[in-house]
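Engineer: Before we start, here is the structure in question, set down as structure tokens.
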There are 2 protein chains.
Amino acid sequence: MKTTQNISVAVDAIVFGYQKDQGVSILLIKRKYAPFKGKWAIPGGFVKEKESLEFAVERELKEETGVKIDYLEQLYTFGKPNRDPRNRTISVAYFGIVNAGKFQKLQANTDAVDAEWFPIKNLPILAFDHRQILTMAIERLRNKMTYEPIGFELLNQRFAFSELEDLYSTLLDRPVDRRNFKKKVIKLGILEELDEKAPRTGAGRPGNLFQFNKNAYDRLKNDGMHFEI
Amino acid sequence: MKTTQNISVAVDAIVFGYQKDQGVSILLIKRKYAPFKGKWAIPGGFVKEKESLEFAVERELKEETGVKIDYLEQLYTFGKPNRDPRNRTISVAYFGIVNAGKFQKLQANTDAVDAEWFPIKNLPILAFDHRQILTMAIERLRNKMTYEPIGFELLNQRFAFSELEDLYSTLLDRPVDRRNFKKKVIKLGILEELDEKAPRTGAGRPGNLFQFNKNAYDRLKNDGMHFEI
DNA sequence: TATATTTGCGTCATTATTACGCAAATAAGA
DNA sequence: TCTTATTTGCGTAATAATGACGCAAATATA
């Protein structure tokens, strides 16, 4: 018993990236058309009738920014009656990550005059209710990285331990004791220590590269292991 | 730039209730119309153009079951292209709780021939992809009650400590040491012990009633306290 | 009055957490 | 070359949290 609706369905994607110098950044596009023409916005667009929500997200990201995502999960659905001045639109927001190796070159197309990475410490004014969406996404990232190993998605596949430490301390915004942090993470048993030194950046004793071992994590998780940082 | 869509937007509500003898139950309705006529389903329906998603949930619950909810939060949005055989429908699922005192009398109206509470240990076959939604909701309840005080929403405002213990041990499906559990919960500092004995049920030493102190919880949480059970 | 049941309060061993100390390996400057 | 600043690696010790369990007190029921 369908009543005649006139509600549009969109998807939006908050995509996180990380680099040691910039910190955590978010991918935004500059809107080409009204409303909010010229304002920065989260990439996204309307869902086509035959495609899944996830497919729509990846398609829009490709079209608007050329970026291919490494991790994707649903964030929240925003549906207030007046969030889009044109007509009623509900937007299913997704949460994505690209790893540091693919902090890719951006290419703008269809809906965007421009696409750019913005450090979360220095965000522009955003179109629609996108600021609210973004705030929720950052909150999700902060929380989730403490109880699931998604922090690794932000780094290169192989990383120096100090990068992991830096990621956690800056994002959680609290000092982390280097020695205790390492003991804790190593004891989880989900990292592999490689036989290769990390590329040097200035002074200091050289350290090995590490990589996340997803198989080990899945196995341990299955045995009731509890990831927490 | 809206492309012409033909997608319907619905909301569904997984509503949990609890009673010591039944365990945790979920509110379902028997469908009155095709598709899945006569099958059990999660209450819900199409969103009206001018109402918020939350309003739609409460309206549908009222219409279909007469139940008024004590706790409500968004669960997940289900949007696979063929989840509704009629036409493309995306459904924003919500997660609700009614407390034990209001394990209310049910009244069926509009869309439902009948509405009933089903213990989660004994669920019927469900319409659409509702089984999947329900599974996710139960998972959410299980997880969330370990790191946020939503378990109390399932009990009466004033409860015996053994009820809380029973709720956690049955829902988490693991034995809970009564003495350690109590020590842990009391130490959180979010319960008020009343000067009144709990109503007797059979033998055993009588114990006081307790109630959740939301103000204390908010205060402590603000000071960085970490709820975990 | 005896027995089963439930609550209340405790102890003790084990494990996790936190705060540090300090030496080794490097780059850069004197 | 020698010194200094920087970063890594490996540790110890005090404190806090967890988990396993003992046992008495207060009740209903047989």
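Engineer: When a/c reaches 1.5 or more, the comparison of a/b and b/c decides; with that in mind, is chain A rounded, prolate or oblate per its Cα gyration tensor?
Structural biologist: Because a/c hits 1.5 or more and a/b exceeds b/c, chain A counts as prolate.
Engineer: Taking a probe of 1.4 Å, how large is the accessible area per residue of the protein assembly as shown, in Å²?
Structural biologist: 50
Engineer: Sticking with this one: Can you compute the FRET efficiency between B:Arg131 and A:Glu193 using 1/(1 + (r/R0)^6), with r the Cβ-Cβ distance and R0 = 60 Å? Round to the nearest 0.05.
Structural biologist: After rounding, the FRET efficiency stands at 0.85.
Engineer: Just for chain A, what percent of DSSP beta bridges are antiparallel, to the closest 5?
Structural biologist: Of the beta bridges lying entirely in chain A, close to 75 percent run antiparallel.
Engineer: Taking every DSSP beta bridge that has both residues in the protein assembly as shown, what percent is antiparallel when rounded to the nearest 5?
Structural biologist: Antiparallel bridges make up about 75 percent of those DSSP assigns within the protein assembly as shown.
Engineer: Over chain A, with a Gaussian network built from C-alpha contacts below 10 Å, which listed residue (A:Ala34, A:Ala56, A:Ala115) shows the highest mean-square fluctuation?
Structural biologist: A:Ala34
Engineer: Let me know the mean shielding of A:71-82 by other chains, meaning the per-residue number of their Cβ atoms within 10 Å of its Cβ.
Structural biologist: 4
Engineer: Let me ask something additional. Report the local net charge at B:Thr135: Lys and Arg +1, Asp and Glu -1, summed over other residues whose C-beta lies under 13 Å from its C-beta.
Structural biologist: Around B:Thr135, the surrounding residues sum to +1.
Engineer: Using a Cα-Cα cut-off of under 12 Å, which aspartates and glutamates could be cross-linked to B:Lys48, ignoring same-chain neighbours fewer than 8 residues away?
Structural biologist: Qualifying aspartates and glutamates at Cα under 12 Å: B:Glu60.
Engineer: Now for a different question. Which one, B:Gln19, B:Gln211, B:Gln132, has the greatest fluctuation when you compute a Gaussian network model over chain B with C-alpha springs under 10 angstrom?
Structural biologist: Greatest mean-square fluctuation among the candidates belongs to B:Gln132.
Engineer: Provide, in order from the shortest bin, the percent of all Cα-Cα pairs of the stretch B:157-222 in each 10 Å bin, continuing until the bin that contains the maximum pair distance.
Structural biologist: That works out to 19, 48, 30, 3, 0, in percent per bin.
Engineer: So which residue of A has the beta-carbon closest to the axis that swings A onto B, and how many whole Å away?
Structural biologist: A:Thr77, 2
Engineer: Projected onto the charge dipole of the stretch B:1-154 (+1 at Lys/Arg Cβ, -1 at Asp/Glu Cβ, origin at the Cα centre), which of B:Asn143, B:Trp40, B:Ser25 gives the Cα projection farthest towards the positive end?
Structural biologist: Result: B:Trp40, furthest along the dipole toward the positive end.
Engineer: Give me the Å³ per residue figure for the convex hull around the C-alpha atoms of the stretch B:103-222.
Structural biologist: 172
Engineer: With each run of n ≥ 4 DSSP H residues scored as -39500 (n - 2.57), what mean residue ellipticity at 222 nm is computed for the protein assembly as shown after dividing by its residue count and rounding to the nearest 500 deg cm²/dmol?
Structural biologist: Using -39500 (n - 2.57) per qualifying helix, the result is -9000 deg cm²/dmol.
Engineer: For B:Lys62, give me every one of the aspartates and glutamates with a C-alpha distance below 16 angstrom, ignoring sequence neighbours fewer than eight places off in its own chain.
Structural biologist: Straight-distance partners of B:Lys62: B:Asp12, B:Glu51, B:Glu54, B:Asp70, B:Asp111, B:Asp114, B:Glu116.
Engineer: Running a GNM on chain A with Cα contacts under 10 Å, which residue among A:Leu167, A:Leu53, A:Leu188 ends up with the highest mean-square fluctuation?
Structural biologist: The residue that fluctuates most here is A:Leu188.
Engineer: Let me ask something else. Tally Lys/Arg at +1 and Asp/Glu at -1 over every other residue whose Cβ is under 15 Å from the Cβ of A:Gln157; what's the total?
Structural biologist: Neighbourhood net charge equals -3.
Engineer: With charges set only on the Cβ (+1 for Lys and Arg, -1 for Asp and Glu), what does the dipole of chain B come to about its Cα centre, in debye to the nearest 20?
Structural biologist: The calculated dipole for chain B is roughly 420 debye.
Engineer: Longer than 23 Å from Cα to Cα, which of A:Lys144/B:Lys221; A:Lys221/B:Lys121; A:Lys50/A:Lys214; A:Lys182/A:Lys214; B:Lys39/B:Lys144; A:Lys20/A:Lys121 are they? Say none if no pair is.
Structural biologist: Table pairs above 23 Å Cα-Cα are A:Lys221/B:Lys121; A:Lys50/A:Lys214; B:Lys39/B:Lys144.
Engineer: Still on this structure: Please get the size of the charge dipole for the stretch B:157-222, origin at its Cα centre, with Cβ charges of +1 on Lys and Arg and -1 on Asp and Glu, quoted in debye to the nearest 20.
Structural biologist: Using Cβ point charges on Lys, Arg, Asp and Glu, the stretch B:157-222 gives about 240 debye.
Engineer: Oh, and also: May I ask for the net charge around B:Lys214, where only other residues with Cβ less than 13 Å from the Cβ of B:Lys214 are counted and Lys, Arg are +1 while Asp, Glu are -1?
Structural biologist: -3
Engineer: Also, I was wondering about something else. Need the per-residue list for the stretch B:44-58: every residue with at least 20 Å² less accessible surface in the complex of protein chains than in the chain by itself, probe 1.4 Å, sorted by number.
Structural biologist: B:Phe46, B:Val47, B:Glu49, B:Ser52, B:Leu53
Engineer: If you don't mind, another one. Which FRET efficiency value, to the nearest 0.05, is calculated for A:Arg86 and A:Lys184 with the Förster distance at 41 angstrom and r the Cβ-Cβ distance?
Structural biologist: With a Förster radius of 41 Å, E is 0.25.
Engineer: How big is the A-B contact in terms of buried accessible area, both chains counted, 1.4 Å probe, rounded to the nearest 100 Å²?
Structural biologist: 2700
Engineer: Please report, in debye to the nearest 20, how large the charge dipole of the protein assembly as shown is about its Cα centre when each Lys and Arg carries +1 at its beta carbon and each Asp and Glu carries -1 there.
Structural biologist: Taking the Cα centre of the protein assembly as shown as origin, the dipole is about 80 debye.
Engineer: Just the number: Rg to Rh for the stretch B:6-57, Cα atoms, Kirkwood Rh, two decimals.
Structural biologist: So for the stretch B:6-57, dividing Rg by the Kirkwood Rh gives 1.08.
Engineer: Rounded to the nearest 0.05, what FRET efficiency do A:Tyr71 and B:Arg200 have when you use their Cβ-Cβ distance and R0 = 45 Å?
Structural biologist: The value I calculate is 0.25.
Engineer: With a/c under 1.5 counting as rounded, go ahead and sort the protein assembly as shown into rounded, prolate or oblate using the C-alpha gyration tensor (a ≥ b ≥ c being the square roots of the eigenvalues; past the cut-off, prolate if a/b is larger than b/c, else oblate).
Structural biologist: Oblate is the answer for the protein assembly as shown, as a/c is 1.5 or above yet b/c matches or exceeds a/b.
Engineer: Once fully extended, how much extra length lies between A:Arg219 and A:Phe118, figured as 0.36 nm per residue of separation less the alpha-carbon to alpha-carbon distance?
Structural biologist: 32.7 nm
Engineer: A follow-up question, please. If you take each beta carbon of peptide A:4-14 and count the beta carbons of other chains within 10 angstrom, what is the mean?
Structural biologist: Per residue, the average neighbour count from other chains is 4.
The values are calculated or read from the model by the stated rules, or taken from the named source; none is laboratory data. Computed from a predicted model, the values in this text were never measured in an experiment. All Cβ positions, even for glycine, are placed from backbone atoms using ideal geometry, and neighbour counts span all protein chains on display. Ligands, DNA and RNA are excluded from the accessible area calculation, which covers all protein heavy atoms including side chains. Shrake-Rupley method; radii C 1.70, N 1.55, O 1.52, S 1.80 Å.
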